[in-house]
Amino acid sequence: MCRRPLKYNRELKPGSFRAYLRVVVRNAVNAFFRRRAAEEGQGPSVGVTDLPAIPDIDLGELDEILAQRDLIRRALEFIRLDFDPVNWAAFVRVRLEGEDAAKVAADLDKKASTLQVAYNRIMKRLSEEIGRMGGRRIPLGFA
């Protein structure tokens, strides 16, 4: 795909560049599976069924998600120094890395209830900061 120059021309065909790239990538993936199937002596559609369906995404919704993610990242950087480093590390491991809260508490030699209180304080402060920055507040809760 990278060997060929892109033929995107907004004047000839108005539309989103991301939508154009999505079509280019989809076609490249299909071509890859067709070539692989031909090399293995299979029918042309065997490899394509191995690929999970790629859902159509509303690009406006995608822009909103990306903007919210940037806003959350900036808010996290802004509030980080307001909290104890151990509590912050626990928050990162539970909320951002998806680790089990009980395991994190045991690793840090803390009570799970203590980390839950710290987690909820961080989430509340994060939600407030995102609200101040003009974004949608995020749901609270201990994972």
Flagged pairs (Cβ under 9 angstrom, 6 or more apart or on separate chains; first in segment 19-32, not assigned by TED's automatic domain parsing to the domain that holds Asp63 and surrounded by 13 or more Cβ atoms within 10 Å (Cβ to Cβ); second small (Gly, Ala, Ser) and not in a helix (DSSP H, G or I)) are Arg22/Ser16
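Every residue, every condition in (1) in the same structural domain as Asp82 (by TED's automatic domain parsing); (2) in a helix (DSSP H, G or I); (3) within 17 Å of Leu81 (Cα to Cα), yes or no:
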| position | (1), (2), (3) |
| --- | --- |
| Gly98 | yes, no, no |
| Lys103 | yes, yes, no |
| Ser113 | yes, yes, no |
| Val117 | yes, yes, no |
| Asn120 | yes, yes, yes |
| Arg125 | yes, yes, yes |
| Glu128 | yes, yes, yes |
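The values are calculated or read from the model by the stated rules, or taken from the named source; none is laboratory data. These numbers come from a predicted model, not from an experiment. For neighbour counting, all protein chains shown are included, and Cβ atoms are generated from backbone atoms with ideal geometry for every residue, glycine included.
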